[in-house]
Amino acid sequence: MKVLTLDFNNISKQLENAKRKNSSRVILTSKQHQINTNLISNNAIHTVTKLVKAGYKAYIVGGCVRDLLLGLKPKDFDVCTNATPEQIIKVFSNANANIIGRRFKIVHIKFSHEIIEVTTFRRDSKKTSGYERKKSSTGMLLVDNAYGNNIQDDAMRRDFTINALYYDVINNEIIDLHHGLYDLMNKKINMIGDATTRYQEDPVRIIRACRFAAKLNFSIEQKTLAAIEPCLPLLKDISHARMFEEVVKLFLSGHGQDSLKIAISINLIPYIFPPLEELYKNSVYQNFLANALHNSDVRVKENKPNLTSFFFAIMLWGAFLTQLQKNQNLLEGDISNHQKQIEPIIKNIILRQNKATLLSEETINKITNIWFTQINLIKIANNIDSIENFYKHKNFRANYDFLVLRTKLEPLMNHIVKIFEPYDAKSLLLTQDKYDKKRKRLDKRLNDRMLVLVKRSLKLHGINLNSKKGSEILKRAEDWRKHLGLDDA
Ligand code: ATP
Ligand code: MG
């Protein structure tokens, strides 16, 4: 549930004036921004404070500030500074700090449960020679390690105005240099600088625009939107591994259904799912995908995992089905007889998908597995022994869920769902039972070890195990085991 901590009523005049006068800076005091400091990572505060103490400038920056202002819990915290990566490493010489990245050098500072990403201020180095900045023929930034001196330089290199807000930890102030607060108030995703140039520099910003619009329920500002379509083909030049990560983040972060709507409206789909060709324009197919993504969104809310293999298997199901339907006999009789003909069909779809997002061998195997099982379900449903075997399989529930989703596209599969429906609950009980037994075994092992430690500690303290005190302590430890029911596990 979103809680808007920032009261725009109090500052709307200030933001509108600043926008009208094109003033370059808006500062919000702690009284105005009312950020819930409990939501700020102590590690991020520690990182900034340590850099400032070492004589550098440092701020918390980016999406985390945006989320804090909207009352959302930030996913991760980023810090920026005028210290170079090498200088950052020196400041954190006692901590676990490493320089990573080639295109952009970044320092990762590892804390026990969190990584704080620290970047050196960037600058637009067009006019500054002697800095490392390489572009491809299409304008894509290949290397961009031109360092800036201050947040003015740095803000220019960030993507959207709402992502260029700086939190000054020492003075407890928000600094806004590109009217990000104004856009936050008006719920707009607005590119800093010329949108076309910025997409050319990094086409992934198209996917990011789509993701933030979905996540925040914002609209994409007119110029930022208009520049997308001509830049879409540039996505083909992005590393397929990076594309995989971005596509997964776009759809599996809890707002997949909204992401789909926006991705369709900006014609992004054929660039991220090439095998879908024209299929994604079909309203029945869109409903099928929307329903599947709605399910994944609910799973995210319930803290349940969403497997990437399941996600790609669903997204591309239509491409597979279309190929099978072109050759009706593949769907008739015993599917195992057609394995040799079906395998190349799957291979071809995966090959085309890999031209956008790189799928691992493991993911490909799982997709293949899901698809083969799905086309076998009618045969399984016709034989009670096969059903009995099938529902005990660890993948039964995933396959059943997939089947239920299919009914949006293939209503005839409803009667197959009916056959498997009672087994869904049975399978759930079975999984629960297996899980309970496993947990008991683990608890028992842990407690056996504890008993050994109790005995060892008694010896260490010179208490005889057979003495009154010793046997009392041992009895208590054993009673505790009985109380946990470990002896009958
Ligand atoms: P999320 O909620 O997904 O973490 P985020 O805005 O924090 O969203 P990150 O990928 O964590 O996104 O990046 C942190 C910040 O770095 C962004 O807010 C933005 O200022 C900057 N940034 C990230 N990627 C880009 C990019 N491709 N181009 C320009 N700036 C970027
Ligand atoms: Mg972030």
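What follows draws every value from the coordinates through simple rules; no lab data is involved. Not measured: the values here are computed from a predicted model. Backbone-built Cβ (ideal geometry, glycine too); neighbour counts: all protein chains shown.
Full extension of the segment from residue 362 to residue 443, taken as 0.36 nm per residue of separation minus the current Cα-Cα distance, would add 26.0 nm. 3J(HN,Hα) along segment 353-370, derived from phi through the Karplus expression 6.51 cos²θ - 1.76 cosθ + 1.60 where θ = phi - 60°, amounts to 5, 5, 6, 10, 10, 6, 9, 6, 3, 4, 4, 4, 4, 5, 4, 4, 4, 4 Hz, with x in place of Gly and Pro. Taking the Cα atoms of segment 1-186, the ratio Rg/Rh between the radius of gyration and the Kirkwood radius comes to 0.98.
Could you work out how much longer the chain between residue 340 and residue 170 gets when fully extended? Use 0.36 nm per residue separation minus the Cα distance between them, nm to one decimal.
Numbers: separation 170, 0.36 × 170 = 61.20 nm, distance 6.63 nm.
Taking 0.36 nm per residue and subtracting the Cα distance, the gain is 54.6 nm.
For residue 465, no residue 5 or more places off, or on another chain, has a built amide H under 5 Å of its own. Within the straight-line cut-off of under 12 Å between alpha carbons, the aspartates and glutamates reachable from residue 135 are 144, 201, 202, sequence neighbours fewer than 8 places apart in one chain being disregarded. Karplus-based coupling profile of segment 13-18, in residue order and whole Hz: 4, 4, 5, 5, 4, 4, with θ = phi - 60° in 6.51 cos²θ - 1.76 cosθ + 1.60 and x standing for Gly or Pro. Legend: distances between Cα atoms for 134/187; 281/394; 455/482; 13/188; 73/134; 392/440; pairs beyond 25 Å are 134/187; 281/394; 73/134.
Between amide H atoms placed 1.01 Å from N, distances below 5 Å from residue 122 occur with 148, 154, all of them 5 or more places distant or on a separate chain. The simple spin-label model puts a point 7 Å past each Cα toward its Cβ; for residue 103 and residue 197 those points are separated by 1.9 nm.
In the P(r) worked out for segment 435-483, what percent of Cα pairs fall beyond 18 Å? Show your work: numbers first, answer last.
On the way: 413 of 1176 pairs.
Tail fraction, whole percent: 35.
Ordered from longest to shortest, the equivalent ellipsoid semi-axes for the chain are 45, 39, 21 Å, each the square root of 5 times a Cα gyration tensor eigenvalue.
Note on the chain: dipole from Cβ charges, positive end direction compared against 435, 9, 160; the farthest Cα belongs to 435. With a cut-off of 19 Å on the backbone N, the residues of segment 379-421 near the modelled label site 7 Å out from residue 328 along Cα-Cβ are 379, 410-413. Label reach from residue 372 (point 7 Å along Cα→C-beta): in segment 319-337, amide nitrogens under 14 Å belong to 335-337. With a Förster radius of 30 Å applied to the beta-carbon distance between residue 412 and residue 299, the computed FRET efficiency rounds to 0.70.
Using helices alone, what [θ] at 222 nm do you get for the chain, with -39,500 (n - 2.57) per DSSP H run of 4 or more residues, divided over all residues and rounded to the nearest 500?
Computed ellipticity for the chain at 222 nm equals -16500 deg cm²/dmol.
For the residue pairs 215/355; 236/347; 21/223; 75/355; 50/105, the alpha carbons lie more than 23 Å apart in 215/355; 75/355.
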